[in-house]
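The values are calculated or read from the model by the stated rules, or taken from the named source; none is laboratory data. Please read these numbers as outputs of a predicted model, since none were measured by experiment. Here the Cβ positions follow ideal geometry from the backbone for every residue, glycine too, while neighbour counts run over all protein chains shown.
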Amino acid sequence: MRLYLDSARLSELEPLLGTGVFYGVTTNPLLLQEAGLGAAGLPGFARAVLQAGAKEVYLQAWGGSAEALYRCGLSLAGLDGRVVVKLPATWEGLGAAGRLVLEGVRVCITAAYLPHQALLASAVGADFVAPYLGRINDSGQDGYAAIGRMSESLRGIGSKTEILAASVRSVADVVALAQRGVCHITLPLQVAHRLFQEPLTLEAARQFEQAMEGASL
Ligand code: E4P
């Protein structure tokens with residue numbers, strides 16, 4: 001199981017990365033914008049989250065054409081060997097992804113909504129495909145079913161491409177995805193925090209601490 005943090009808010013990422021529970025950080029241009037992070041800030045951001053404990057950082061390429069996405073992806077991958085380049089499941093994104101994979105760049109095909117897009121990601125040799133669970137549901141489809149079919153299809157063809165589920169809205173989503181064999185999931189910060197907030201567990205831990213108050217080995 002690899003859990004990721006879906007944010008570019010460095011000060012909020014650092015304590016969560018310090019738990020050792022989260023494998024990496026995923027971002028997209030909207031998350032960068034929300035965090036007030038421009039392109040010039042990406043090298044420092046990548047260094048900081050890796051230094052804070054992330055083992056991977058996902059940065060999304062931008063540019064109107066396959067060529068521009070490819071060149072942007074090369075620049076992003078050049079920041080650190082632990083950068084995974086995200087590209088949308090579009091004609092241009094997939095075209096750039098195939099070229100980047102041939103250059104040894106690790107790639108995640110993102111903004112996937114339908115099962116066949118997982119097969120396109122596999123066809124270009126992407127390491128990951130990122131279906132947007134919440135947005136799939138928002139569109140009126142069954143996100144769990146769509147992602148379940150993606151997982152089944154990739155396993156059925158023995159693909160190395162793995163699912164990194166995104167647009168997750170609740171802790172229940174995490175469990176439901178894991179039940180469908182999805183073991184890479186990226187979480188918005190508010191969902192990540194909810195993983196640690198089970199009241200009954202907190203009360204039991206408080207009682208344990210109280211019982212040992214003042215004790216020392
Ligand atoms: C991952 O980084 C995705 O880009 C992100 O989860 C998009 O989904 P959301 O905007 O619905 O959260």
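Structure values in brief
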item	result
Unique match (being within 15 Å of the ligand (Cβ to nearest atom), modelled with pLDDT of 95 or more and surrounded by fewer than 18 Cβ atoms within 10 Å (Cβ to Cβ)) among Ser167, Ser153, Ser139, Ser159	Ser139
Condition met for Leu120 (surrounded by 19 or more Cβ atoms within 10 Å (Cβ to Cβ) and either within 15 Å of the ligand (Cβ to nearest atom) or farther than 23 Å from Val84 by Cα (or both))	no
The listed residue being farther than 29 Å from Leu119 by Cα and at pLDDT 95 or above, out of Arg99, Arg47, Arg82, Arg71	Arg47
Contacts under 6 angstrom Cβ, first residue in the stretch 174-191 being within 11 Å of the ligand (Cβ to nearest atom), partner of a type in the set (A, V, I, L, M, F, W, C) and part of a helix (DSSP H, G or I), 6 or more apart	Ile185/Val174; Ile185/Leu177
Which numbered condition Val182 misses (of (1) out of contact with any strand residue (DSSP E or B) (no Cβ under 8 Å at 6 or more places or on another chain); (2) closer than 15 Å to Arg2 by Cα)	(1)
Of all residues in the stretch 121-140 being more than 18 Å from Val174 (Cα to Cα) and not acidic (Asp, Glu), the one that is farthest from the chain's Cα centre (by Cα)	Gly140
Verdict on Val107 being farther than 16 Å from Leu42 by Cα and within 16 Å of the ligand (Cβ to nearest atom)	yes
Within the stretch 20-39, tally of residues that are away from the ligand (no atom under 13 Å from the Cβ) and either in contact with a strand residue (DSSP E or B) (Cβ under 9 Å, 6 or more places away or on another chain) or touching a residue at least 12 places away in the same chain (Cβ under 8 Å) (or both)	5
The listed residue being within 16 Å of the ligand (Cβ to nearest atom), under 21 Å from Val57 (Cα atoms) and not small (Gly, Ala, Ser), out of Val101, Val84	Val84
Selection within the stretch 187-217 - among the polar types (S, T, N, Q) and either within 29 Å of the chain's Cα centre (by Cα) or closer than 17 Å to Leu13 by Cα (or both)	Gln190, Gln197, Thr201
Residues being assigned to a helix (DSSP H, G or I), touching a residue at least 24 places away in the same chain (Cβ under 8 Å) and of a type in the set (Ser, Thr, Tyr) - total across the stretch 40-91	1
Residue match in the stretch 39-54 (condition: under 19 Å from Ala166 (Cβ atoms), surrounded by 21 or more Cβ atoms within 10 Å (Cβ to Cβ) and either hydroxyl-bearing (Ser, Thr, Tyr) or touching a Phe, Trp or Tyr at 6+ places or on another chain (Cβ under 8 Å) (or both))	yes
Sole residue being among the aromatic types (Phe, Trp, Tyr) and either touching a Leu at 6+ places or on another chain (Cβ under 6 Å) or surrounded by fewer than 20 Cβ atoms within 10 Å (Cβ to Cβ) (or both), chosen from Tyr144, Tyr132	Tyr144
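Rundown of residues vs (1) closer than 21 Å to Ala130 by Cβ; (2) more than 16 Å from the ligand (Cβ to nearest atom); (3) aliphatic (A, V, I, L, M), yes/no style:
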site	(1), (2), (3)
Arg2	yes, no, no
Glu14	no, yes, no
Gly53	no, yes, no
Ala77	yes, yes, yes
